[in-house]
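To keep things clear, I will list the structure first and then write my remarks on it.
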Amino acid sequence: MKIAVIGAGSTYTPELINGFIERMTVLPLTELWLMDINPGRLDVVGGFARRMVLAKGSPFAVHLTLNQAEAITGASYVITQLRVGGLQARREDEYLGRRHGLVGQETTGIGGMGKALRTIPVVLKIAEDIQRLAPGAVLLNFTNPSGLVTEAVNRYVPGVTTVGVCNGPFGMKMGFLNFLKSHGRFDGDFDAVEADILGINHLSWCRGLNYHGRELWDDYLELYLQQESGAQGWDRRMVEVTRMIPSGYLGYFYATAQKVADQQKWPPSRAETVMEVEAELLRQYAEPDRIEPPPGLMKRGGAFYSTVATQIINSHFNNLGEIHIANIVHRGAVAPWPADWVLEMPCRIDRGGFHPQVSAPLPPVCFGLLAAVKMYELLTVDAAIHGDRKAAYEAMLVNPLGPQMRDVQPVLDDLLETHRAYLPQFWS
């Protein structure tokens, strides 16, 4: 089996390597191709990856390449984990929001829109290469904004099986179960618990935890509501009313003023913090005797990344039929929502593909926000692919975290100028 990783110069890559090593008895991986456009980072991260694999007896070969087509050709799975413009572009996204009094964040609000506009054309080219050079391969898209990018690929390169993947839902589930375990309410197999999470990426809600037919959610909520505040500091009344826990990113929508106020403490922004973390990680990865990821990798974020990636590949390749949360076209599984929407939801994964599980729709209090953000996503897809400034304007106008009406055009102009080097479709 050949697996290709596009954007393999990422500091996340060693975690992914460990995931494949841990599953080498069940996944017959023979070739892992690491591709990046940055030769310096690829040499450092790829060299470290090779030492990690060598230390485990070389169960598979690790190839490094700057050639995307070479990496993809003949692959069974292609993983995308790239960042167009690097961390400097992420920093620009954050400060773009701050200077306009808006949320400055890499996947949500106008920062997320900037990232999507830069990223979608690049990932579409990868999907087209898969269609041409690795027909039948599965594209696992970790590149943020994961759901929005996956929406674009499914609409414009529908011949490629594409699933958007995020460590967030898995992290939510682990947090809930650890909380239950610490209170003596659960001591079973975490992997056997199926979380009922529904929404779109970075805008989803958990409303159930099922363990072999036993529902754990009421126990969790009972304990949660006994606390002074929850892990995310959600308002107790909101949890009482909705009987759900939102993903952490919903804090940008439910506590916008606080998020904007917190930005006044910058620097450092999150991007600036990550720049420092990555500089140290790359220095450690370059150590010639290092064969294990350093503890500082956890500061980078992305916990459970390798677990999610390898679980999904394992369930697909070995026809296990496991239920995992992924971003997929729901195809009517959530009636009466439009069947062509990409949703973050439970899906059964086997050799036949990724099968969305029939799920009750979210209540109006959630759907109202979700629908507005989904319209923003669809307009952003059109804007990114066609360089359509009208669609970009409308996307920013409908985004609940966007600017007021009279500020939309100035903010959009600022965004397009800020990232001009990565947005040729808007400047041709």
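Listing for the model above:
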quantity: Checklist (1) surrounded by fewer than 20 Cβ atoms within 10 Å (Cβ to Cβ); (2) small (Gly, Ala, Ser); (3) within 25 Å of Gly57 (Cα to Cα) applied to Ala335, failing item; calculated: (3)
quantity: Of all residues making up the stretch 150-196, the number that are among the polar types (S, T, N, Q) and either in contact with a strand residue (DSSP E or B) (Cβ under 7 Å, 6 or more places away or on another chain) or on the phi > 0 side of the Ramachandran plot (or both); calculated: 4
quantity: Residue list for the stretch 96-128, restricted to those being under 19 Å from Arg270 (Cα atoms), within 14 Å of the chain's Cα centre (by Cα) and not in a loop (DSSP other than H, G, I, E, B); calculated: Gly112, Lys115, Ala116
quantity: Candidates Ala49, Ala55, Ala61, filtered to the one that is farther than 24 Å from Val149 by Cβ, of a type in the set (A, V, I, L, M, F, W, C), surrounded by fewer than 16 Cβ atoms within 10 Å (Cβ to Cβ) and in contact with a strand residue (DSSP E or B) (Cβ under 6 Å, 6 or more places away or on another chain); calculated: Ala61
quantity: Given (1) assigned to a helix (DSSP H, G or I); (2) crowded, with 19+ Cβ neighbours inside 10 Å; (3) in contact with a helix residue (DSSP H, G or I) (Cβ under 8 Å, 6 or more places away or on another chain), number of the condition Leu87 does not satisfy; calculated: (2)
quantity: Residue match in the stretch 213-227 (condition: closer than 30 Å to Thr119 by Cα, touching a helix residue (DSSP H, G or I) at 6+ places or on another chain (Cβ under 9 Å) and either surrounded by fewer than 22 Cβ atoms within 10 Å (Cβ to Cβ) or modelled with pLDDT of 95 or more (or both)); calculated: no
quantity: Helices (runs of 4 or more DSSP H) enclosed by the stretch 254-332 - at least 2 residues per element that are more than 30 Å from Met238 (Cβ to Cβ) and of a type outside the set (Gly, Ala, Ser); calculated: 270-285, 305-317
quantity: All positions within the stretch 132-157 that are among the polar types (S, T, N, Q) and part of a strand (DSSP E or B); calculated: Asn141
quantity: Some residue of the stretch 23-37 being surrounded by fewer than 20 Cβ atoms within 10 Å (Cβ to Cβ), of a type in the set (Asp, Glu) and closer than 20 Å to Ile313 by Cα; calculated: yes
quantity: Residues that are surrounded by 20 or more Cβ atoms within 10 Å (Cβ to Cβ) and without any contact (Cβ under 8 Å) to a residue 24 or more places away in the chain, drawn from the stretch 159-207; calculated: Val193
quantity: Unique residue being over 20 Å from the mean Cα position of the chain (by Cα) and farther than 17 Å from Arg348 by Cα when the list is Arg155, Arg207; calculated: Arg207
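The values are calculated or read from the model by the stated rules, or taken from the named source; none is laboratory data. Just so we're clear, the structure is a prediction, and the values are computed from it rather than from any experiment. Glycine also receives a Cβ, built like all others from the backbone with ideal geometry; neighbour counts cover every protein chain displayed.
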